[in-house]
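Worksheet: the structure to be examined is printed underneath.
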Amino acid sequence: MPELPEVETVKCGLDPVLDGRVLSRVIARRPDLRFPLPDGFGQRLTGRTVQRLSRRAKYLLVHLDNGEVLIWHLGMSGRVLIFEDTPPPEEKHDHIIIETDQGATVRFNDTRRFGFMDLCEAGKLESHPMMAKLGPEPLEDSFDAKMLASQLAGRKTPIKAALLDQSVVAGLGNIYVSESLFYAGISPKRSAYTVQGGRAEKLVGSIKQVLKAAIAAGGSSLKDHRQTSGELGYFQHQFAVYDKAGQKCPGCDCADGSIQQIVQSGRSTYFCTRKQK
């Protein structure tokens with residue numbers, strides 16, 4: 001499932017074609033994605049002006065001139081493609097079509113239909129069921145060692161599981177938690193409540209470093225993720241440990257096989273048994 005960097009990459013691609021534009025036509029080719037679309041979805045969006053785009057955790061937010069916000073989740077297989085000239089014929093799984101007054105076309109293609117879209121009043125956004133329990137944004141300046149330590153205090157679950165909990169830190173997923181723990185030198189099996197002080201400071205630094213590098217690389221494309229241009233993301237070529245079981249750590253003298261794979265909370269975890277304590 002797309003994590004924070006992939007959603008941020010999509011937002012950056014949409015900014016030039018949607019920000020400040022009028023949605024001249026919005027077509028829903030089916031009544032539902034993961035959930036039913038709001039009643040009159042296409043009609044409610046058609047004619048609206050986009051005031052700005054933002055991201056919260058793994059959600060794309062499109063702020064409209066009527067005080068509503070389009071909440072957009074990409075799901076497992078969702079792809080957003082932009083055509084600034086005449087678009088090609090629609091594909092089978094192009095479920096939502098957005099056209100702007102400047103002639104651009106945005107298509108949301110979702111083969112497995114695990115994505116969703118909803119409309120919410122801006123003033124009620126924070127209480128929306130998908131937003132209400134989200135934790136702090138890891139790229140904001142306010143997210144520091146003190147905040148992370150406070151979020152982890154008293155949690156006896158492994159640090160890997162704690163970081164995947166969206167109420168602890170918003171937007172992180174399996175890939176970027178594994179990578180961040182590696183650079184912080186913290187074992188994914190360590191109890192979350194023990195990540196305090198210097199460990200919390202190292203982990204905050206590595207989370208920010210990994211996320212910024214991933215955004216710069218256009219995210220990670222393992223299966224479905226594409227940038228809005230249709231190109232793959234490239235961060236998968238920079239993985240230090242993720243999906244590298246049985247290999248050496250990058251740039252170190254670990255023995256062959258130092259990167260191990262274990263299963264935590266039903267998800268694969270990759271880490272160096274020598275470097276991460």
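Observations
- Residues in the range 136-155 that are part of a loop (DSSP other than H, G, I, E, B) and touching a helix residue (DSSP H, G or I) at 6+ places or on another chain (Cβ under 7 Å): 136, 138, 139, 143, 144, 153, 154, 155.
- Single residue of 180, 187, 221 found to be at pLDDT 95 or above and either of a type in the set (Phe, Trp, Tyr) or not in a helix (DSSP H, G or I) (or both): 187
- Checking the stated criteria, residue 124 turns out to be surrounded by fewer than 20 Cβ atoms within 10 Å (Cβ to Cβ), free of Cβ contacts under 8 Å to residues at least 24 places away in the same chain and within 24 Å of residue 47 (Cα to Cα).
- Taking the range 162-186 as the range and being crowded, with 18+ Cβ neighbours inside 10 Å and over 19 Å from residue 56 (Cβ atoms) as the test, the residues that pass are 162, 174, 175, 178, 179, 180, 181, 182, 183, 184, 186.
- If you check 25, 30, 52, 79 for being in a loop (DSSP other than H, G, I, E, B) and in contact with a strand residue (DSSP E or B) (Cβ under 6 Å, 6 or more places away or on another chain), only one passes: 30.
- Within the range 49-75, the set of residues being over 11 Å from the mean Cα position of the chain (by Cα), surrounded by fewer than 22 Cβ atoms within 10 Å (Cβ to Cβ) and of a type outside the set (Gly, Ala, Ser) comprises 49, 51, 52, 53, 61, 63, 64, 65, 66, 68, 71.
- Checking residue 13 against (1) part of a loop (DSSP other than H, G, I, E, B); (2) at pLDDT below 95, the condition it does not meet: (1)
The values are calculated or read from the model by the stated rules, or taken from the named source; none is laboratory data. Because the structure is a prediction, the values reported are computed rather than measured. With ideal geometry, Cβ positions are generated from the backbone for all residues, glycine too; neighbour counts draw on all protein chains shown.
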